[in-house]
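The values are calculated or read from the model by the stated rules, or taken from the named source; none is laboratory data. Every value quoted in this text rests on a predicted model; they were computed, and no experiment measured them. Positions of Cβ are backbone-derived with ideal geometry, glycine not excepted, and every protein chain shown enters the neighbour counts. All accessible areas refer to the heavy atoms of the entire protein, side chains included, with ligands and DNA or RNA removed. Shrake-Rupley method; radii C 1.70, N 1.55, O 1.52, S 1.80 Å.
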Amino acid sequence: FACIIFKMSSIYQNMPPTNGKVVLNTSCGDIEIELWSKEAPMACRNFIQLSLEGYYDNTMFHRIIPKFMVQGGDPTGTGQGGESCFGQPFKDEIHSRLRFMIRGMVAMANGGRDDNNSQFFMTLAPCDWLNGRHTIFGKVTGKTIYNLDAMSGLETGPEDRPLYPPRINSVEVILNPFTDIVPRRLEAAPAPADGANRPTVKVRDRQVSVGLIETGVVTGVQEQGAVVLRGRG
């Protein structure tokens, strides 16, 4: 057990310091997110500006896969919508010290390389196969990680859509490192076009390592009999 704690401590120490913080006020409770604005400046600027503009207010988490991740950030709720604050997709920002080694990592969902808009996901377990595929720009902190864990137990239907989706009621920006941001006045999000590309997160084709979320200390330990998740695309 001491070795596990030492390993987790080493992982956290290897992460760069954060500079930026927001709080998602969700139907499952607050989720505090600290941001790596130096390592992923475009993703963090996008996330903060959209938050200041109320873009994420009253949106749902439209995809939940237990022991893997929770995905949201689409104002249409379809999984096919969402635009960045730049008016177009922005490039990936992959940093060597930011990896999917623990639960609570916050990253951009995308439709492929350099195709980031507004959708993001939060991990529920280590997901090493996602390294290099998605821009990590933040991490869930403190005891609010348990509010994220609570979402993983919600019942889902086809395409991993929750039957009763948890929602982001509002977003509070606690620390904004981008002092030049001027929030825009936004109109209602248009419905996605037929056949629109759906930002997604690749599900591993074999058993995955999951964190023992009950203890809150030994995240990242392998659990026997982990659920098998089938890949899609």
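Table for the structure above
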{"read-out": "Every residue from the stretch 79-115 that is more than 24 Å from residue 15 (Cα to Cα), of a type in the set (S, T, N, Q) and either outside any loop (DSSP other than H, G, I, E, B) or open to solvent by less than 10 Å² (accessible area, probe 1.4 Å) (or both)", "value": "84"}
{"read-out": "Subset of the stretch 169-195 that is at pLDDT 95 or above and within 18 Å of residue 74 (Cβ to Cβ) - its residue that is surrounded by the most Cβ atoms within 10 Å (Cβ to Cβ)", "value": "171"}
{"read-out": "Residue list for the stretch 69-86, restricted to those being in contact with a helix residue (DSSP H, G or I) (Cβ under 9 Å, 6 or more places away or on another chain) and either modelled with pLDDT under 95 or aromatic (Phe, Trp, Tyr) (or both)", "value": "79, 86"}
{"read-out": "Qualifying residue in the stretch 34-42 (condition: under 17 Å from residue 135 (Cβ atoms), assigned to a helix (DSSP H, G or I) and of a type outside the set (Ser, Thr, Tyr))", "value": "yes"}
{"read-out": "Candidates 47, 68 - the one that is of a type in the set (Phe, Trp, Tyr), within 15 Å of residue 116 (Cβ to Cβ) and within 13 Å of the chain's Cα centre (by Cα)", "value": "47"}
{"read-out": "Condition met for residue 60 (aliphatic (A, V, I, L, M), open to solvent by 30 Å² or more (accessible area, probe 1.4 Å) and in contact with a helix residue (DSSP H, G or I) (Cβ under 8 Å, 6 or more places away or on another chain))", "value": "no"}
{"read-out": "Residue match in the stretch 37-54 (condition: touching a Pro at 6+ places or on another chain (Cβ under 7 Å), open to solvent by less than 10 Å² (accessible area, probe 1.4 Å), at pLDDT 95 or above and under 24 Å from residue 151 (Cβ atoms))", "value": "no"}
{"read-out": "Criterion violated by residue 133 - all others in (1) assigned to a loop (DSSP other than H, G, I, E, B); (2) closer than 18 Å to residue 59 by Cβ; (3) of a type outside the set (A, V, I, L, M, F, W, C) satisfied", "value": "(2)"}
{"read-out": "Odd one out for residue 118, checked against (1) closer than 21 Å to residue 50 by Cα; (2) open to solvent by 10 Å² or more (accessible area, probe 1.4 Å); (3) among the hydroxyl-bearing types (Ser, Thr, Tyr)", "value": "(2)"}
{"read-out": "Any hit, the stretch 31-46, residues being in contact with a helix residue (DSSP H, G or I) (Cβ under 7 Å, 6 or more places away or on another chain) and β-branched (Val, Ile, Thr)", "value": "yes"}
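Let's see how each residue does on (1) modelled with pLDDT under 95; (2) in contact with a Lys or Arg (Cβ under 9 Å, 6 or more places away or on another chain); (3) open to solvent by 30 Å² or more (accessible area, probe 1.4 Å); (4) among the β-branched types (Val, Ile, Thr):
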site: 126; (1), (2), (3), (4): no, yes, no, no
site: 130; (1), (2), (3), (4): no, yes, no, no
site: 145; (1), (2), (3), (4): no, yes, no, yes
site: 151; (1), (2), (3), (4): no, no, no, no
site: 155; (1), (2), (3), (4): no, no, yes, no
site: 161; (1), (2), (3), (4): no, yes, yes, no
site: 167; (1), (2), (3), (4): no, no, yes, no
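Yes/no matrix, rows are residues, columns are (1) polar (S, T, N, Q); (2) farther than 13 Å from residue 170 by Cα; (3) out of contact with any His (no Cβ under 7 Å at 6 or more places or on another chain):
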| residue | (1), (2), (3) |
| --- | --- |
| 53 | no, no, yes |
| 68 | no, yes, yes |
| 88 | yes, yes, yes |
| 93 | no, yes, yes |
